[in-house]
Amino acid sequence: MIMEKITSISNSKIQELKKLFASKADRYACGKFVAEGVNIVKDIPEQLILALFMTEETFCKHEKIAEKCKNIYIISQKVMDSVSDTKSPSGVIAECAMKSLVPDSEKCVVLDNLQDPGNAGTIIRTAVACGVSTIYCYGDCVDLYSPKVVRSSMGGIFFVNVKKMQSKENLNCELFALDMAGENLFEIKNIPQKFALLVGNESRGVSKQMRESADKIISLPMSKNMESLNAGVSLSIALYQLVYGWCFVAICI
């Protein structure tokens, strides 16, 4: 284990860490991103952790986390506060490799210009829970490796493959697009083994190109008192139904 103490905000390692927090371009240029928080960091596969930045107090309290990485930087609380993306830092930040340890799944999720980090994190968590490890980003999507999405995914980001999508040709499977005017999801039969489930932008919905490319437009039934659901909630319900079918309906009943 190699440990180094850092007390200066101007330290080069801290400046690099700040760039990973703030810049999508810097994250992709070096193939690294950051994950913050004791609960998230303790579940990160060791192979993906490149370095740990910990306050002395957190290092003493969570020795198991410290054992996950050979490169550890003990930083002052002042430095932690200057770098952290949260109001109340938990005292540990992991610098992670932007790669996946899981194979692609037959089923996948497509984010069509999705913008909200909370929705993206919810979708990642649901995808992993459903055994879906492949997520495509189409158009101008929120960066799935941004600190807010990573935190919202509760560690799910470490168990998915994030891919850029140019058109439906990238998929090689049937594409279902969620839209309020689509066919009732719970009435669909003969769901294929391989499929892609697409959710659109929070305010504009499914883009024109993806709507025209979809094999089927599907919707969730709801009462006349509500027009739509949150994007993360909508995709979560639809994905569970498509993956688990009648089992999910039975649980709901």
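Evaluation of ILE123 against the conditions (1) modelled with pLDDT of 95 or more; (2) farther than 28 Å from LYS32 by Cβ; (3) open to solvent by less than 10 Å² (accessible area, probe 1.4 Å) shows that the sole unmet condition is (2).
The strands (runs of 3 or more DSSP E) found wholly in the range 156-244 and carrying at least 2 residues that are under 20 Å from the mean Cα position of the chain (by Cα), at negative phi and not small (Gly, Ala, Ser) occupy 161-165, 195-199. Residue pairs whose Cβ atoms lie under 9 Å apart, sitting 6 or more positions apart in sequence or on different chains, and linking a residue in the range 161-184 that is of a type in the set (Asp, Glu) and modelled with pLDDT of 90 or more to a partner that is part of a strand (DSSP E or B) and open to solvent by less than 20 Å² (accessible area, probe 1.4 Å), are GLU174/PHE195; GLU174/ALA196; ASP179/ILE218; ASP179/SER219; GLU183/ILE218; GLU183/SER219.
Filtered by the rule that a residue be more than 22 Å from the chain's Cα centre (by Cα) and more than 11 Å from MET54 (Cα to Cα), the range 72-87 gives LYS78, ASP81, SER82.
Total residues in the range 1-49 satisfying the condition of being of a type in the set (Ser, Thr, Tyr) and closer than 16 Å to ILE72 by Cβ: the figure is 1.
Taking each residue of the range 59-71 that is in contact (Cβ under 8 Å) with a residue 60 or more places away in the chain and open to solvent by less than 30 Å² (accessible area, probe 1.4 Å) and looking for partners that are assigned to a loop (DSSP other than H, G, I, E, B) and among the polar types (S, T, N, Q) with beta-carbon atoms closer than 9 Å, six or more apart or interchain, yields nothing. Within the range 94-140, the residues that satisfy the criterion of being in contact with a Leu (Cβ under 8 Å, 6 or more places away or on another chain) and either under 24 Å from GLU16 (Cα atoms) or aromatic (Phe, Trp, Tyr) (or both) are ALA94, GLU95, CYS96, ALA97, LYS99, TYR136, TYR138. Summed over the range 26-36, the residues that are within 17 Å of LYS148 (Cβ to Cβ) and in a helix (DSSP H, G or I) give a count of 3. Please find, within the range 24-57, the residue that is least open to solvent (accessible area, probe 1.4 Å) out of those that are of a type in the set (Asp, Glu) and in contact (Cβ under 8 Å) with a residue 60 or more places away in the chain. Per the criteria, the residue is GLU36. Looking across the range 143-164, just one residue is open to solvent by 20 Å² or more (accessible area, probe 1.4 Å) and of a type in the set (Val, Ile, Thr), and that is VAL162. Cβ-Cβ contacts under 7 Å between residues 6 or more apart (or on different chains), taken from a first residue in the range 117-128 that is over 13 Å from ALA238 (Cβ atoms) to a second residue that is surrounded by fewer than 22 Cβ atoms within 10 Å (Cβ to Cβ) and acidic (Asp, Glu), are listed as ASN119/GLU202. Within the range 143-160, restricting attention to residues that are aliphatic (A, V, I, L, M), touching a residue at least 60 places away in the same chain (Cβ under 8 Å) and touching a strand residue (DSSP E or B) at 6+ places or on another chain (Cβ under 7 Å), which residue is nearest to LYS99 (Cα to Cα)? Residue satisfying both the conditions and the ranking: VAL160. Checking each residue in the range 92-118 for being under 15 Å from PRO147 (Cα atoms) and either charged (D, E, K, R) or in contact with a strand residue (DSSP E or B) (Cβ under 8 Å, 6 or more places away or on another chain) (or both) picks out VAL92, ILE93, ALA94, GLU95, CYS96, ALA97, MET98, GLN115, ASP116. Is the range 99-113 home to any residue that is within 15 Å of GLY156 (Cα to Cα), touching a Phe, Trp or Tyr at 6+ places or on another chain (Cβ under 8 Å) and surrounded by fewer than 16 Cβ atoms within 10 Å (Cβ to Cβ)? There is at least one residue in the range 99-113 that is within 15 Å of GLY156 (Cα to Cα), touching a Phe, Trp or Tyr at 6+ places or on another chain (Cβ under 8 Å) and surrounded by fewer than 16 Cβ atoms within 10 Å (Cβ to Cβ).
The values are calculated or read from the model by the stated rules, or taken from the named source; none is laboratory data. Since the model is a prediction, treat every value here as computed from it, not as a measurement. In this analysis, Cβ positions are derived from the backbone assuming ideal geometry, glycine residues included, and neighbour counts consider all displayed protein chains. Accessible surface areas use protein heavy atoms only, side chains included; no ligands, DNA or RNA. Shrake-Rupley method; radii C 1.70, N 1.55, O 1.52, S 1.80 Å.
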